[in-house]
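The values are calculated or read from the model by the stated rules, or taken from the named source; none is laboratory data. Note that the structure is a prediction, hence the values are computed from the model and not measured. A quick note on method: Cβ atoms are made from the backbone with ideal geometry, for glycine too, and the neighbour counts reach across all protein chains shown. What goes into the accessible areas is simple: the full protein's heavy atoms, side chains included, and nothing from ligands, DNA or RNA. Shrake-Rupley method; radii C 1.70, N 1.55, O 1.52, S 1.80 Å.
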Amino acid sequence: MRRFLLALLLALVSNTAIAQAWPAKPVKIIVPFAPGGTADTLGRLVAAKLSEQLKENFIVENRAGAGGVVGSELVAKAPPDGYMFLVSGIASHVIAPLLPQGTPYDPIKDFTHVALFGGPPAVFAVNPSLAAKDLRAFVALAKAKPGKLTYGSPGNGTQGHLVAELFKRLAAINIVHVPYKGASAAVTDLMSGQIDAVSTTLSTAAGQIRGGRARALALSSEKRLPEYPDIPTFVEMGYPDLVATVWFSLSGPPGLPADIVSRLNAEVRRAFELTEMRERVRHEGIAPNRMEAREFTAFVADELRRWGPIVRASGAKND
């Protein structure tokens, strides 16, 4: 018993010492997607602020592949010393684990979830030439032409795909899904008239919407966004359950010292409270979140339960 208590005491002292000294060297943040996307943008913004606030370099490294699975698996297997983290999110920690192939990691047990950044809503937009000026007109048109209208998404199992599938189910319409290898290709084909509609993140299609090359019919945010006051929400158009964001977050390997988790959560929230950060992400339609680490972990579990039936009903498969 004495040896056990001594070992326990030494472990506690060791973890406390690590947390107090942390960070004592550069910290790596893995972005499991290619450069240029929302995950990469948020990861670099947060890394820059953490470098300033904690007086140590936070370095972003892109490890893209398999919808975020490659980089996520790398962090899941990293030592829990506080020197490797992941820009996690709904794609890698909710959708991918729910797809038929699953993931080589458990999205809850194999990670320490630290802080929720937030994320942009999805937008459902149509080609301006389509005879549907609002969402109600689109539903009416889809019911008049079942199986004739098409919509594109960034790919099978993406948030854009699932939001549209939930919309289809709630509106009782039959529109055909056209999966793309990324949002940009889908938006390009929307503008050229190859598809009738697109369901993707607002940040991806914002330029085309502002330029009049795409007509936004609804956002998946809870309320209208100040930057886009003319775009209604699915909620106000009669779909109260259709609230979703393409959220991103910061996670680490399992077993991270609680002191490091608590400190890093506080520093991330502090970064998003800065005026310059709030202004930067506001243009992306992102409202920063103030969840504690424990609340965030519960949120991930809730998202898995929420999207499970929708993923299964959509028939989405791993690309």
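Of all residues assigned to segment 140-151, at least one qualifies as being under 27 Å from the mean Cα position of the chain (by Cα) and within 27 Å of residue 100 (Cα to Cα). With the structure loaded, tell me whether residue 131 is open to solvent by 50 Å² or more (accessible area, probe 1.4 Å), touching a Leu at 6+ places or on another chain (Cβ under 7 Å) and free of Cβ contacts under 8 Å to residues at least 60 places away in the same chain or whether it fails that test. Considered against the rule, which asks whether it is open to solvent by 50 Å² or more (accessible area, probe 1.4 Å), touching a Leu at 6+ places or on another chain (Cβ under 7 Å) and free of Cβ contacts under 8 Å to residues at least 60 places away in the same chain, residue 131 comes out as yes. If you go through segment 28-50 and pick out every residue that is open to solvent by 30 Å² or more (accessible area, probe 1.4 Å), part of a helix (DSSP H, G or I) and charged (D, E, K, R), you end up with 1. Summed over segment 288-319, the residues that are farther than 16 Å from residue 243 by Cα, modelled with pLDDT of 95 or more and acidic (Asp, Glu) give a count of 2.
Answer yes if at least one residue in segment 142-157 is open to solvent by 40 Å² or more (accessible area, probe 1.4 Å), at pLDDT below 95 and touching a strand residue (DSSP E or B) at 6+ places or on another chain (Cβ under 8 Å), and no otherwise. The answer is yes, given that some residue of segment 142-157 is open to solvent by 40 Å² or more (accessible area, probe 1.4 Å), at pLDDT below 95 and touching a strand residue (DSSP E or B) at 6+ places or on another chain (Cβ under 8 Å).
Just checking, does segment 95-102 include any residue being closer than 16 Å to residue 33 by Cα and not β-branched (Val, Ile, Thr)? Give the steps one after another, and end with the answer.
Quick first cut of segment 95-102, residues closer than 16 Å to residue 33 by Cα only: 95-96.
So of that shortlist, the ones also not β-branched (Val, Ile, Thr) come out as 96.
Yes, the conditions are met somewhere in segment 95-102.
If we scan segment 293-313, do we find a residue that is in contact with a His (Cβ under 7 Å, 6 or more places away or on another chain), more than 28 Å from residue 181 (Cβ to Cβ), β-branched (Val, Ile, Thr) and in a helix (DSSP H, G or I)? Within segment 293-313, one or more residues are in contact with a His (Cβ under 7 Å, 6 or more places away or on another chain), more than 28 Å from residue 181 (Cβ to Cβ), β-branched (Val, Ile, Thr) and in a helix (DSSP H, G or I). Restricting segment 158-192 to residues that are surrounded by fewer than 19 Cβ atoms within 10 Å (Cβ to Cβ) and polar (S, T, N, Q) leaves a set whose member that is nearest to residue 235 (Cα to Cα) is 174. The single condition among (1) open to solvent by 60 Å² or more (accessible area, probe 1.4 Å); (2) over 20 Å from the mean Cα position of the chain (by Cα) that residue 254 does not satisfy is (1).
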